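The values are calculated or read from the model by the stated rules, or taken from the named source; none is laboratory data. Please read these numbers as outputs of a predicted model, since none were measured by experiment. Every residue, glycine among them, receives a Cβ derived from its backbone with ideal geometry; neighbour counts consider all protein chains shown.
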Amino acid sequence: MPNEKRAHDPGAALSSGAGLSSVERAISALEHLARHPDAGVSSVATAIGVHKSTASRLLVALAGHDLVEPGTVRGHYRLGTGILRLAAAVGGRLDVSSQAAAVCAGLAHRLGETVNLAIRQDEVVVNVDQAEGGGTITVDSWVGRPTPLHATSSGKVLLAYAPEPVRARVLADLTRYTDATVTDPQRLSDQLEQVLTDGYATTIGELEVGLNAVAAPVRRADGTVIAALSVSGPAYRLPAESLPDAARATVAAAAEVSERMGYLRSGDPDMS
């Protein structure tokens with residue numbers, strides 16, 4: 001049964017034009033979900049240029065490998081935790097997780113709020129570690145969930161230090177999540193420049209109403225920003241006026257992780 005064998009041979013499928021097209025479509029679908037978290041099947045189908053039924057089958061196949069998962073609305077999808085398994089191959093960036101774990105846990109305990117460590121993957125933020133502060137009401141787990149660069153404190157830090165082409169693409173497509181989300185490119189650009197001056201970024205209800213956060217950069221030995229360490233909590237516990245104090249603690253914690261990564265501080269912003 002030679003034909004039957006070929007139909008079940010992944011190598012044979014990939015060597016054909018149809019197989020290669022399927023791989024390209026899968027990659028395009030993942031990239032679309034990275035840029036548009038929680039997108040519907042129709043949105044994915046339009047983005048990759050296929051019929052809705054084809055996109056649905058593709059997403060089901062990706063879900064089978066945990067590369068995507070159901071979104072908050074029926075028929076919607078977002079990137080899955082399987083993405084983190086692939087990211088594990090990027091040794092240098094993931095090593096920061098082990099170096100930051102104890103620092104994040106200590107900061108969460110001191111402030112009583114949720115602490116996250118996040119990295120940038122193209123035009124989204126992916127949280128790779130989270131420590132809980134022990135409050136009665138806590139922030140949902142963000143580990144493995146992509147979040148937008150422009151509407152999160154970690155994202156603003158990572159975007160501030162991102163290559164100019166990445167910044168330009170993000171500024172050209174600023175999705176509104178709440179009334180507080182910054183969608184004016186010039187205003188966001190000004191905020192990013194302020195991040196470079198202050199050494200931290202804040203968000204006040206920009207991704208979720210009632211959720212505030214502050215984040216600071218984590219650097220590797222050569223000074224390159226490879227991650228962002230953030231503190232987030234409900235507005236009644238972490239109000240806007242308390243963010244400067246939280247920023248001092250966050251910057252100090254991020255600097256400690258940076259030192260563990262071999263970075264020697266020089267000329268960092270004065271947080272006194």
* Asked: Applying the selection to the stretch 218-249, what residues are in a helix (DSSP H, G or I), among the small types (Gly, Ala, Ser) and in contact (Cβ under 8 Å) with a residue 24 or more places away in the chain?
  -> 240, 246, 247, 249
* Please work out if residue 45 is more than 22 Å from the chain's Cα centre (by Cα) and free of Cβ contacts under 8 Å to residues at least 24 places away in the same chain. => yes
* To do: Would you mind stating whether residue 91 is buried (at least 16 other Cβ atoms within 10 Å of the Cβ) and either within 27 Å of residue 210 (Cβ to Cβ) or modelled with pLDDT under 90 (or both)?
  => no
* Qualifying residue in the stretch 181-188 (condition: at pLDDT 95 or above, of a type outside the set (Val, Ile, Thr) and in contact with a Ser or Thr (Cβ under 9 Å, 6 or more places away or on another chain)) -> no
* Asked: Among the listed residues 103, 125, 115, which satisfies the condition of being touching a Cys at 6+ places or on another chain (Cβ under 8 Å), within 30 Å of residue 246 (Cβ to Cβ) and modelled with pLDDT of 90 or more?
  -> 115
